[in-house]
1. May I ask you to say which residue of A:V88, A:V80, A:V161 is closer than 21 Å to A:I46 by Cα and out of contact with any strand residue (DSSP E or B) (no Cβ under 6 Å at 6 or more places or on another chain)?
2. Taking the condition of being more than 7 Å from every other protein chain (Cβ to nearest Cβ) and either among the polar types (S, T, N, Q) or touching a residue at least 12 places away in the same chain (Cβ under 8 Å) (or both), how many residues in the range A:60-73 meet it?
3. Could you grab me the full set of residues in the range B:419-443 that are more than 7 Å from chain A (Cβ to nearest Cβ) and in a helix (DSSP H, G or I)?
4. Would you mention how many residues in the range B:27-47 are open to solvent by 40 Å² or more (accessible area, probe 1.4 Å) and touching a residue at least 40 places away in the same chain (Cβ under 8 Å)?
5. Please specify each residue of the range A:74-96 satisfying the condition of being more than 10 Å from chain B (Cβ to nearest Cβ) and closer than 17 Å to B:G428 by Cα.
6. Can you tell me which residue is surrounded by the most Cβ atoms within 10 Å (Cβ to Cβ) among those in the range B:345-367 that are touching a residue at least 60 places away in the same chain (Cβ under 8 Å) and either basic (K, R) or not in a loop (DSSP other than H, G, I, E, B) (or both)?
7. Which condition number does A:F157 fail, the rest of (1) open to solvent by 30 Å² or more (accessible area, probe 1.4 Å); (2) free of Cβ contacts under 8 Å to residues at least 60 places away in the same chain being met?
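The values are calculated or read from the model by the stated rules, or taken from the named source; none is laboratory data. Here the structure is a predicted model, which is why all the values come from computation and not from measurement. Every residue, glycine as well, gets a Cβ built from its backbone with ideal geometry; the counts of neighbours run over all protein chains shown. All accessible areas refer to the heavy atoms of the entire protein, side chains included, with ligands and DNA or RNA removed. Shrake-Rupley method; radii C 1.70, N 1.55, O 1.52, S 1.80 Å.
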Amino acid sequence: MLQITNLHAGVDDKKILKGINLTINPGEVHAVMGPNGSGKSTLAAILAGRDGYDVTAGQVLYNGKDLLDMDPEVRAREGVFLAFQYPVEIPGVNSTYFLKAALNEVRKHKGEPELDAMEFLAVVKQKMKLLELNEDLLKRPVNEGFSGGEKKRNEIFQMAVLEPKLAILDETDSGLDIDALKIVAAGVNKLKRPDNAQLVITHYQRLLDYIIPDFVHVLYNGRIVRTGTKELALELEEKGYDWIIQHETVGA
Amino acid sequence: MSTATETIEEFVNKEYQYGFTTNVDTDKIAPGLSEDVVRLISAKKNEPKFMLDWRLKAYRHWLTMTEPKWQKAHYPPIDYQASIYYAAPKPKKVLGSLDEVDPEVLKTFDKLGISLNEQKRLTGVAVDAVVDSVSVATTFSKELAKQGIIFCSFTDAVQKHPELVEKYLGSVVPYTDNFFAALNAAVFSDGSFCYIPKGVRCPMELSTYFRINTANTGQFERTLIVAEEGAYVSYLEGCTAPMRDENQLHAAVVELVALGKKSEIKYSTVQNWYPGDKNGKGGIYNFVTKRGKCLGESSKISWTQVETGSAITWKYPSVILQGDNSFGEFYSVALTNNMQQADTGTKMIHIGKNTRSTIVSKGISAGRGQNSYRGLVKIMKNATGARNFSQCDSLLLGDKCGAHTFPYIEVKNTSSQVEHEASTSKIGEDQIFYCNQRGISTQDAVNMIVNGFCKEVFRELPMEFAVEAQKLLGVSLEGSVG
């Protein structure tokens, strides 16, 4: 589904990613962990198509197509979803209206008929239960006045409605208390299907207690320095990132 | 520059689509302004003596005044002698019905999407069409007359209802009021007149459509609306002009009189005068005085404006709240793009007891546009229990535009309550990227965000106008996003 080969990228003259290789197949859950500044969020931003990054080498294939060549809205319509670390507020734009517009863009792209307001509400009601979200949130402007936890839950709720093929969760656990974390993780798990994949980016192991990854990758200094199974995350938790970093320095 | 900024810019740069001119035979006088010109205009309109006297007093007063300079806009000095003060499409004969209007003029209005043919029109809107200095057609007049409603051109009103004109003309905006109001009083040539008798709820929207056609003319029209006790009217005003390299002056006066108890006047404007080109060449100077007086107890005047055109917009639709418990409202969306400048807002003058007013102003700046809100809330000593709520929000697109807020508040008693809220925000690249990441294109994202920003004002507009206004905003912003 996703094939990242030798990806080098940065901002201005600063090199951040220095040769990322990563393959994700349908049905898999991958976790990318790493200390602050290792390039985790940059990777998410580049995959989603955020402005301001220069890709200097390598390629990213998404279902055989050149992902980096697509506009961000096209990537989204093709099924790439980013759950933002810091979801922005859009004052005055009603959440329901926004999400309906988004879903209909995706449907149009797939050649499916657009949903009218009634059909859309039926979809929404069903998905809201998944995230234990209060329906009032949908009547408010996008993310405006939402608590940190509500914003994160709203991201996963949007993911539930849009049904992406590849969901990238950028530090979705940050700022969540343990109860909210459980709800979000349960929501993500319910969305897992044999034909979609998840890329979970996190600093801490604790999210992985609830979202069980098939693969764990450790990102350090712009490269994946270690790949393993969920046990690797536990080992990291125990020994800290320094353990990997030392290894890395010695190995280099 | 990021792609978001580029898109904002593309979005703003779409061309003005009403910039054509119509070839009709025009009866116009030589450029220049003098007492003789004032007499000539009055004579051409076959006016009674009181009108000429009033015009002459206004002209003489105007001569003693100097052009105000306090607005936050820059423009070269206006040469008042270079302008033409009277231009009219030449009728073949006296107009008896629409069939006698020059077909070219009818075509013009069709092109603008305003059909003057009553059968073809949306039912529910009566139109007075003003080209350059005169009204060319008024629809549904006869129908409205059955209910006692007078809706006609100002010229007709002077001929047929001189007593009403004499009584109310200048009663809200006297010719001494300001420089442009004095100039208008001296040379105004037409406009709309509307009188709603006691207890009548006007069954359709009344509207005036203004079109400047002839080069070098100024448009000076006057609208006067009077509502008796318990009467209600909703009035719409629209305007366009051809694209010309020189600036043209539009100095109109609108007077609203909510005369009787519980009378109500709702006045909506969608202003789309030619804004000039990207570099600021040409465009209309829209220097207008609009004011309403709530004389009746519990009467109400509501202004709603969507200002997207003109090189410079300078106006403050105001309400004098004289009757006890009377209510004034002002809802405004002002958009400035490219080199446009707007200095607009309102004045709410509370005189009666328990008078209330609401001000909601939304300023959108894009390109190099400069947008100022200037508003006065004045609560007099006897206006006990008066209340005002003001909200002024500014939205910036791009980083070369400006938004300014100048609220003035004067309260002369202790039982009144005044609230003012203001905010300034920017359409951020983060917001646009967020929308993109959900599959929404940048253009749609900007439209969505701008419309969301203006929602409180749009919902005050009559239905068809609200749709129109949203579209207009989209067109005016095209190319502005980046």
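1. On the way: A:V80 fails: out of contact with any strand residue (DSSP E or B) (no Cβ under 6 Å at 6 or more places or on another chain); A:V161 fails: closer than 21 Å to A:I46 by Cα.
Among A:V88, A:V80, A:V161, only A:V88 is closer than 21 Å to A:I46 by Cα and out of contact with any strand residue (DSSP E or B) (no Cβ under 6 Å at 6 or more places or on another chain).
2. Quick first cut of the range A:60-73, residues more than 7 Å from every other protein chain (Cβ to nearest Cβ) only: A:60-71.
Pick out the ones that are also either among the polar types (S, T, N, Q) or touching a residue at least 12 places away in the same chain (Cβ under 8 Å) (or both) and you get A:60-63, A:65, A:67-68, A:70-71.
Total satisfying the criteria: 9.
3. B:I432, B:C435, B:T442, B:Q443
4. 7
5. Residue satisfying the conditions is A:Q85 alone.
6. Taking the range B:345-367 as the starting set, the residues that turn out to be touching a residue at least 60 places away in the same chain (Cβ under 8 Å) are B:345, B:350, B:355, B:360, B:362, B:364, B:366-367.
Now restrict to residues that are either basic (K, R) or not in a loop (DSSP other than H, G, I, E, B) (or both): B:350, B:360, B:362, B:364.
Numbers: B:H350: 32, B:V360: 21, B:K362: 25, B:I364: 29.
My answer is B:H350.
7. (1)
Residue-wise test of (1) open to solvent by less than 10 Å² (accessible area, probe 1.4 Å); (2) farther than 26 Å from A:Q158 by Cβ.
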| site | (1), (2) |
| --- | --- |
| A:G187 | yes, no |
| A:R193 | no, no |
| A:N196 | no, no |
| A:V200 | yes, no |
| A:H203 | no, no |
| A:G222 | yes, yes |
| A:T227 | no, yes |
| A:K230 | no, yes |
| A:E238 | no, yes |
